[in-house]
Amino acid sequence: MTTSSVKSTDWLMFSTGKYIPLTPTDEYPLPKAHGDPTNYRFAQIPDLNDPGWKKVRDVNANYVDEAGHINMKADSILPGGYHGGKFKNLHFTYFIAHVNLPKQPDSLKVTIGHVDDGARMYLFNNEHVGGKHQPTKDAQLNGQAVTADFTKDAIPGPNVVCIVQFDDCPDENNLHGGIKIMLDGKEVLPDTSAPIPKVNFMPETFKMECMAMHAMH
């Protein structure tokens, strides 16, 4: 198999349907702008083998376009209305796609389009069991498309691209404009019929934290 023929699995999503109230502190006052990166301290990426992961198209067929790109446009579950509730609560949604690389890539990049209100890209594999991300490449509402370069982090074999997206305002909850995985300059398209593999590179401490978080819900 050459890198030009590599495809990903269908995109999966995970959402608890719960939101997180924000309590201001001296260190972390309430955010004043959409997509504040300090909000990622509340993110808890579920175990990559958790049965709660569902194909995006099965959750809502309108959340993907004809090419299989994520095109989520949903109502916000946050309370309080646009003016009274913004920056007071968070709702996280997680997305993953599995990519099996036949060899070390010359280039692996992930581009994310328009987000509402923030999104961060991670890469998981056997060398980055806790996920690798680039904080300077976080996407924010009203910003331009953002590309994260994971070339140095990718390895042959199983890799998982993960998007952590959050909503911080009771208006809409969107992730559209596409998430594109580019391998050696060519787009990795989803294979909707590909089985979803199990992975074994989640660290035990991370598994325990995720399971504890999941149990609370």
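Do the conditions hold for Pro21, that is, is it open to solvent by 20 Å² or more (accessible area, probe 1.4 Å), touching a residue at least 60 places away in the same chain (Cβ under 8 Å) and touching a strand residue (DSSP E or B) at 6+ places or on another chain (Cβ under 8 Å)?
Answer is yes for this residue.
On the basis of being of a type outside the set (D, E, K, R) and more than 22 Å from His91 (Cα to Cα), does Pro170 make the cut?
For Pro170, the condition - of a type outside the set (D, E, K, R) and more than 22 Å from His91 (Cα to Cα) - is not met.
Just checking, how many residues over the range 76-99 are open to solvent by 40 Å² or more (accessible area, probe 1.4 Å) and touching an Asp or Glu at 6+ places or on another chain (Cβ under 6 Å)?
Number of matching residues: 1.
How about the range 141-160: which of its residues are over 22 Å from Asn62 (Cβ atoms) and either within 13 Å of the chain's Cα centre (by Cα) or in a loop (DSSP other than H, G, I, E, B) (or both)?
Within the range 141-160, Asn142, Gly143, Gln144, Ala148, Phe150, Thr151, Lys152, Asp153, Ala154, Ile155, Pro156, Val160 qualify.
Would you mention how many residues in the range 132-143 are in contact with a Gly (Cβ under 9 Å, 6 or more places away or on another chain) and not small (Gly, Ala, Ser)?
4
Taking the condition free of Cβ contacts under 8 Å to residues at least 60 places away in the same chain, among the basic types (Lys, Arg) and either assigned to a helix (DSSP H, G or I) or open to solvent by 60 Å² or more (accessible area, probe 1.4 Å) (or both), does Lys73 pass? Write out each step before concluding.
Details: free of Cβ contacts under 8 Å to residues at least 60 places away in the same chain: no; among the basic types (Lys, Arg): yes; either assigned to a helix (DSSP H, G or I) or open to solvent by 60 Å² or more (accessible area, probe 1.4 Å) (or both): yes.
The answer is no for Lys73.
Could you please find all residues in the range 38-64 being part of a helix (DSSP H, G or I) and either touching a Cys at 6+ places or on another chain (Cβ under 8 Å) or open to solvent by 20 Å² or more (accessible area, probe 1.4 Å) (or both)?
Within the range 38-64, Thr38, Arg41, Phe42, Arg57, Asp58, Val59, Ala61, Asn62, Tyr63 qualify.
Might you let me know whether the range 103-110 holds any residue that is part of a loop (DSSP other than H, G, I, E, B) and under 27 Å from Pro170 (Cα atoms)? Break it down into steps so the answer makes sense when it comes.
So the first thing to find is which residues in the range 103-110 are part of a loop (DSSP other than H, G, I, E, B), and the list is 103-107.
Now drop any that are not under 27 Å from Pro170 (Cα atoms), which leaves none.
No, that holds for no residue.
When residues of the range 8-31 are filtered for being in contact with a Phe, Trp or Tyr (Cβ under 7 Å, 6 or more places away or on another chain) and among the basic types (Lys, Arg), how many remain?
Matching residues across the range 8-31 total 0.
When the range 120-140 is examined, which residues are found to be open to solvent by 30 Å² or more (accessible area, probe 1.4 Å) and part of a loop (DSSP other than H, G, I, E, B)?
Asn126, Glu127, Gln134
Residues to consider are Asp171, Asp117; find the one that is closer than 25 Å to Asn60 by Cα, modelled with pLDDT of 85 or more, in contact with a Phe, Trp or Tyr (Cβ under 7 Å, 6 or more places away or on another chain) and open to solvent by 60 Å² or more (accessible area, probe 1.4 Å).
Asp171
The values are calculated or read from the model by the stated rules, or taken from the named source; none is laboratory data. Just so it is clear, the model here is predicted, and its values are computed rather than measured. Glycine gets a Cβ as well: all are built from the backbone with ideal geometry, and neighbour counts include every protein chain shown. Side chains are part of the model used for accessible areas, which takes the heavy atoms of the whole protein and leaves out ligands, DNA and RNA. Shrake-Rupley method; radii C 1.70, N 1.55, O 1.52, S 1.80 Å.
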